[in-house]
Structures are given as structure tokens and as C-alpha cells.
Amino acid sequence: MKSNNAGSGKKIHDQKMRVMSFYAGNSFLKQLSSGLRQHGLSLVELMVALAIGTLIALAISTLFFQVFSGSRTADDTARASEAGSFGLRTSQRGFSHGRFCWPN
């Protein structure tokens, strides 16, 4: 008469065979289990990297244009102020020396 241990040994063997066939059918798990390194990138990884790079480039360009337009506005304001100051100084000197004569 055989004991139940023989039947449980067969169950364990069947489970091991299922696990081994699962690993053999899945290349990713096969690479992990065999210790091989992946060479190159998958298409999904490249697409994710491209999307992240595009978002970073968009953020940097937006920041650059905002700083550039603010700088240009400040330069325009400074030029207008300098031109107004020059005009007032010139007029003041002219009036103080009597150089401006109005025709009758």
C-alpha cells in the first residue's frame, strides 16, 4: 500500500513544471530569471522619454519667452524715461538761457 506522500510529490512536480513553462513562455521573466541584461530600449520607453523631454523643453521655452518679454518691456521703459529726461533737460536749458523765442 502506498502512502499519500507519493501523490503530494507529483503535485509539487506538476506545480514546478507549470512555473517553469510560464517562465519559458515569457521572455521578460526569462531574462530576469537567467540574469541577462536587456540591450537597448523598448518603444514604450522611448515614447515616454520623448514625452517627458517635450514637456521639459516646452516649460523652458515658456520661461525663456516670459523673461525675454519682461526684459524687453523694462528696456523700452528705460529708453522712454531717458528720452523724456533728455527732452526736459534740453527744454529747461533753452528756456533758462532765453533761446526759445515765440513769433508774434
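Placing a pseudo-label 7 Å from each Cα along the Cα-to-Cβ vector at residue 65 and residue 89 gives an inter-label distance of 3.8 nm. With the simple spin-label model, which puts each label point 7 Å out from Cα in the Cβ direction, the residue 49 to residue 76 separation comes to 4.2 nm. When 43, 50 are sorted by how many other C-beta atoms sit within 10 angstrom of their C-beta, beginning with the fewest, the order is 43, 50.
No value in this document is a laboratory result; all are computed from the given coordinates. This is a predicted model, so every value here is computed, not measured. When we count neighbours, we look across all protein chains shown, and the Cβ atoms used for this are built from the backbone with ideal geometry, even at glycine.
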